[in-house]
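*Asks:* Take a look at this one; I'll ask things after.
The values are calculated or read from the model by the stated rules, or taken from the named source; none is laboratory data. Not measured: the values here are computed from a predicted model. No Cβ is skipped: glycine too gets one built from the backbone with ideal geometry, and neighbour counts run over all protein chains shown.
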Amino acid sequence: MGSEMELLAWGVDGQRYVSWAIDETERLEQCWSRFRPTSELSTLNSSGGRPHACSPLLWAALERAATAWRETGGLFDATVLDALVTLGYSDTFRAVAPSGPAVNAASVPGFALITLDAASSTVVVPAGVALDLGGLGKGLTADMLVAGLLERGATSVMISAGGDIRVGGPGPDDDDAWMTEVEHPIDTSTLLRFPLVDEALVQSTTRLRRWVRGGVELHHLIDPRTGWPAETGLAAVVVTGPQAWRAEAMAKAALIAGEREGLALLARVGHDGWLVRDDATVVATADVAGDLPSTQEGAHAG
């Protein structure tokens, strides 16, 4: 999934937990990574419109992608892969050329074209359409690893999947929480410290994965309405919620929506979050505005 992962687990058999988590992450990677030509997702993307009988793992991810698409009014759309490739993000980010000739935006077909048949767990992706699960895959990986480790006897677990945090079981801090510190995406100060209890905290940002084509700086968060990197005055969105996969989808959609619509989206779907503007100031949903450091200028509740 093009990201580093970290694991902390407490219990009676720590090495077994680590071994299982490594094997399970490999299994998930082989299912839904767009960077592996042999993954099940890559096989689906090359199916040419033929029905594909999904494994339970791929079906679980696609069901969630469909849910996120509906809940965000199409702002989270897994059919952005061709747009990303056209803009130059065709391989893992380490392999993306930092600069190159000018490119044009590619249209995003839209998840409405994807047919999911729950009765048979089959999916049809039309020829010329390709899926990228992106951050939703990272978040779902974190969710599944935490659940699997707790089922195997771990008492407390923390997973960081490319910076997406998911915790389960009592944490080491006050009130059995995991006090999680988030770095400001612009000036590397502490953006916030937030206590997590059996939940997730994720960040979607335009500041990390950037490259240049034709003298224009691009990033990987594609607005499906334009096929072009979103430019809404927001540098990042941090979201907390019970599940990392859903928080990931909502963070990306809120960033693409922009400040006003993004706050409204988070309120509508019942997630709290912090929206970092390009000028480094922050606006937060009402319930979590108080978690920002008092030195954070411009922070206020939305």
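Residue by residue, here is whether (1) farther than 27 Å from Gly11 by Cα; (2) in contact (Cβ under 8 Å) with a residue 12 or more places away in the chain; (3) among the charged types (D, E, K, R) holds:
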| site | (1), (2), (3) |
| --- | --- |
| Met158 | no, yes, no |
| Asp174 | no, yes, yes |
| Trp178 | no, yes, no |
| Thr188 | yes, no, no |
| Glu199 | no, yes, yes |
| Gln203 | yes, yes, no |
| Thr206 | yes, yes, no |
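*Asks:* Quick check on my filter: what residues within the range 207-239 are in contact with a Pro (Cβ under 7 Å, 6 or more places away or on another chain) and in a loop (DSSP other than H, G, I, E, B)?
*Replies:* Arg207, Gly214, Leu221
*Asks:* Just to be sure I understand, how many residues within the range 25-60 are of a type outside the set (Phe, Trp, Tyr), in contact with a helix residue (DSSP H, G or I) (Cβ under 6 Å, 6 or more places away or on another chain) and in a helix (DSSP H, G or I)?
*Replies:* The total comes to 6.
*Asks:* Report yes if Val167 is buried (at least 24 other Cβ atoms within 10 Å of the Cβ), at pLDDT 95 or above and either in contact with a helix residue (DSSP H, G or I) (Cβ under 6 Å, 6 or more places away or on another chain) or assigned to a helix (DSSP H, G or I) (or both), otherwise no. Write out each step before concluding.
*Replies:* Details: buried (at least 24 other Cβ atoms within 10 Å of the Cβ): yes; at pLDDT 95 or above: yes; either in contact with a helix residue (DSSP H, G or I) (Cβ under 6 Å, 6 or more places away or on another chain) or assigned to a helix (DSSP H, G or I) (or both): no.
Answer is no for this residue.
*Asks:* Just to be sure I understand, how many residues within the range 240-261 are more than 16 Å from the chain's Cα centre (by Cα), part of a helix (DSSP H, G or I) and not charged (D, E, K, R)?
*Replies:* Initial filter on the range 240-261 (more than 16 Å from the chain's Cα centre (by Cα)): 258-261.
Narrowing further to those that are part of a helix (DSSP H, G or I): 259-261.
Among the residues that remain, those that are also not charged (D, E, K, R) are: none.
Adding up the residues that qualify gives 0.
*Asks:* Also, I was wondering about something else. Restricting to the range 55-66, and then to whatever is over 14 Å from Leu131 (Cα atoms) and touching a residue at least 60 places away in the same chain (Cβ under 8 Å), can you tell me which residue is surrounded by the fewest Cβ atoms within 10 Å (Cβ to Cβ)?
*Replies:* Of everything passing the filter in the range 55-66, Pro56 is surrounded by the fewest Cβ atoms within 10 Å (Cβ to Cβ).
*Asks:* Tyr17 fails exactly one of the following numbered conditions: (1) part of a loop (DSSP other than H, G, I, E, B); (2) aromatic (Phe, Trp, Tyr); (3) closer than 28 Å to Gly153 by Cα. What is the number of that condition?
*Replies:* In the conditions (1) part of a loop (DSSP other than H, G, I, E, B); (2) aromatic (Phe, Trp, Tyr); (3) closer than 28 Å to Gly153 by Cα, Tyr17 misses (1) alone.
*Asks:* Which count do you get for residues in the range 92-125 that are in a loop (DSSP other than H, G, I, E, B) and either over 20 Å from Pro37 (Cα atoms) or at pLDDT below 95 (or both)?
*Replies:* 21
*Asks:* Then there is this: For the range 218-228, what are the residues that are closer than 21 Å to Gly100 by Cβ, out of contact with any helix residue (DSSP H, G or I) (no Cβ under 6 Å at 6 or more places or on another chain) and surrounded by fewer than 21 Cβ atoms within 10 Å (Cβ to Cβ)?
*Replies:* His219, Thr226, Trp228
*Asks:* Still on this structure: Going by the structure shown, is Gly153 surrounded by fewer than 21 Cβ atoms within 10 Å (Cβ to Cβ), among the small types (Gly, Ala, Ser) and within 17 Å of the chain's Cα centre (by Cα)? Reasoning before the result, please.
*Replies:* On the way: surrounded by fewer than 21 Cβ atoms within 10 Å (Cβ to Cβ): yes; among the small types (Gly, Ala, Ser): yes; within 17 Å of the chain's Cα centre (by Cα): no.
In short, no.
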